[in-house]
1. If residue 247 satisfies all but one of (1) in contact (Cβ under 8 Å) with a residue 24 or more places away in the chain; (2) outside any strand (DSSP E or B); (3) of a type outside the set (Asp, Glu), what's the number of the condition it fails?
2. Between 73, 61, 106, 87, which is touching a Lys or Arg at 6+ places or on another chain (Cβ under 6 Å), β-branched (Val, Ile, Thr) and either at pLDDT 95 or above or closer than 23 Å to residue 273 by Cα (or both)?
3. What strands (runs of 3 or more DSSP E) completely inside segment 24-127 contain at least 3 residues that are touching a Phe, Trp or Tyr at 6+ places or on another chain (Cβ under 8 Å) and buried (at least 21 other Cβ atoms within 10 Å of the Cβ)?
4. Applying the selection to segment 156-165, what residues are surrounded by fewer than 19 Cβ atoms within 10 Å (Cβ to Cβ) and assigned to a helix (DSSP H, G or I)?
5. With the requirement that a residue be out of contact with any Pro (no Cβ under 9 Å at 6 or more places or on another chain) and acidic (Asp, Glu), what does segment 47-90 give you?
6. Run down 367, 299, 384, 334 and say which single residue is surrounded by 15 or more Cβ atoms within 10 Å (Cβ to Cβ), under 18 Å from residue 87 (Cα atoms) and modelled with pLDDT of 95 or more.
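The values are calculated or read from the model by the stated rules, or taken from the named source; none is laboratory data. All figures in this text were calculated on a predicted structure; none of them were measured in a lab. Because the Cβ atoms are built from the backbone with ideal geometry, glycine has one as well, and the counts that use them run over all protein chains shown.
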Amino acid sequence: MESMRGAVRNYAWGSRTAIAEFTGREIPTNHPEAELWLGAHPGDPAFLATDGGEQSLLDVVRADPEGQLGPVVRNRFGDALPFLMKVLAADEPLSLQAHPSSEQAVEGFQREERMGIPLNSPVRNYRDRSHKPELIVALEPFDALAGFRPPARTVEFLDALGVSALNPYVHLLAGQPDANGLRALFTTWITAPQPDLDVLVPAVLDGAINYLRSDASEFDAEAKAVLELGERYPGDAGVLAALLLNLLHLEPGQGLYMAAGNLHSYLRGVGIEVMANSDNVLRGGLTPKHVDVPELLRVLDFTPASEESLLSPVDADGFESTYRTPADEFTVSVLELDGDDLGHEVDAPSQHDGPQILLCAQGSAVVRAKTDTLALDRGAAAWVSADDGPIRLVADQPTRLFRATVGI
C-alpha cells in the first residue's frame, strides 16, 4: 500500500482554488486546475511514494500485473488497470461531448492509427481502444447538461421562449417526438452554416432574456443556462444543442452515470469522477478544442433520457454505500466513519481481491493493510494493490472516504 500523488491537468474551464484547496496547497494557483488524475493512464499516471522516491503507477502495474491487479482482474481485463479516478473542478462549462462504445473506440482508434494521426495530436479523437462509461459524484452543488430531454418537454420549453425563428424546429420535433426527431433536429442545428447560427443563436438568447423578465418561471434554470452558454460561446451551435438536453442539479453525494453515446456538458461544480481507463472524447461545441461533428453524430444515442436520472449510494454493509452502475470496469463506494465507528479499528473488505484506490474527502483516517499503515487526510489518496489484501480503517473524527475498485 502506498500514498498516491495525482497528476494535475490544466484546462481553461478549471478552478484556481478547488483542487488546490482540496489537496492542501496554496491558493490561488498560477493556472486553472481542472482535473486531478489518480490512475495508471499512459497520458498522465499518478505516482506512488516509494523508499527511493516516486514511481509511476503505470510502471508499477506493468512490472507486476499479477501482484498489483490480481488474477481475477487480469483474467477479465488483461495487464492494465481498467479504471481511472479523478477529482474534477469546473468553474466554467466543459465542452459538449460524448464518449464511444467499446466497438466504436476500437474501430476509431484503428482508423486514426492507419491515418497516421499522432496520439498527442490536438485533432486526435481516439487516444486508446477503450470505451468510457463514467460516474461523477458531487462534492458540492454541481450542475450538468446530460441526455436528451423527452421531446414533448422540449417542445414546451421552446414554445415558452417565444422565438419565432424556432417555430419550424418546434414543428419538426412536435411532429416526430422521439429519438428520430431528436436526431433530425440536433443534426440540423449542429451542422448549420455559421451565417444561420449568427441569426438563430442571438434570437434564442433574446428569447431567454425575455422569458426571465416575464412572470413565467417554469423554465428559469434552463433559460439561465442557455443564456450563460451563449454569452461564453456566441454563435456556437452547441448553444442550440443545449436546448435539447436535461439540466440536472446534483447535491453533494448524488451521482450521475454517463453511458456511451450520452451527450453531456458539466457546467460547474466539484466532484469525484471514476471511469473506464480512457481519454476518448468526441466534442460537438462549446469549446476552443478540436470539434468533430460527423464523428460525434456516429456515436450519439438519441434515446430520450429521464430528468430523474441521478444516483444515490445504496447501503450495502454498515458504513459503506455503493453507487450502482452497469460498468464492469469500476465500482465506486463511499465509506462514512462516524458515531460508534470512531476510535476503533473497523474492517473494510472489498467485493473481490482486486486493487483499489482510496481518496479521503473529509476528515482523516489511518488505513491498515497487512503490515502497512498509512494516514490519509483530506485530499490524500492511497493505492492498495491486490497483494495488499483487505484493509482496516481507524478514524478519530467524522471521515468520508471514496473507494474505487473494479466492478466485476
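1. (2)
2. Exactly one residue qualifies, and that residue is 106.
3. 83-90
4. Kept after step one, since they are surrounded by fewer than 19 Cβ atoms within 10 Å (Cβ to Cβ), are these residues of segment 156-165: 156, 159-160, 162, 164-165.
Hits for segment 156-165 are 156, 159, 160, 164, 165.
5. 51, 54, 64, 66
6. Values: 367 fails: under 18 Å from residue 87 (Cα atoms); 299 fails: under 18 Å from residue 87 (Cα atoms); 384 fails: under 18 Å from residue 87 (Cα atoms).
None of the others qualify; the one that does is 334.
Each row is one residue, and each column tells you yes or no for (1) more than 22 Å from residue 59 (Cα to Cα); (2) over 24 Å from the mean Cα position of the chain (by Cα).
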residue	(1), (2)
359	no, no
374	no, yes
382	no, no
388	no, yes
398	yes, yes
401	yes, no
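Let's see how each residue does on (1) touching a Gly at 6+ places or on another chain (Cβ under 6 Å); (2) of a type outside the set (Asp, Glu):
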| position | (1), (2) |
| --- | --- |
| 53 | no, yes |
| 61 | no, yes |
| 64 | no, no |
| 67 | no, yes |
| 74 | no, yes |
| 84 | yes, yes |
| 96 | yes, yes |
| 102 | no, yes |
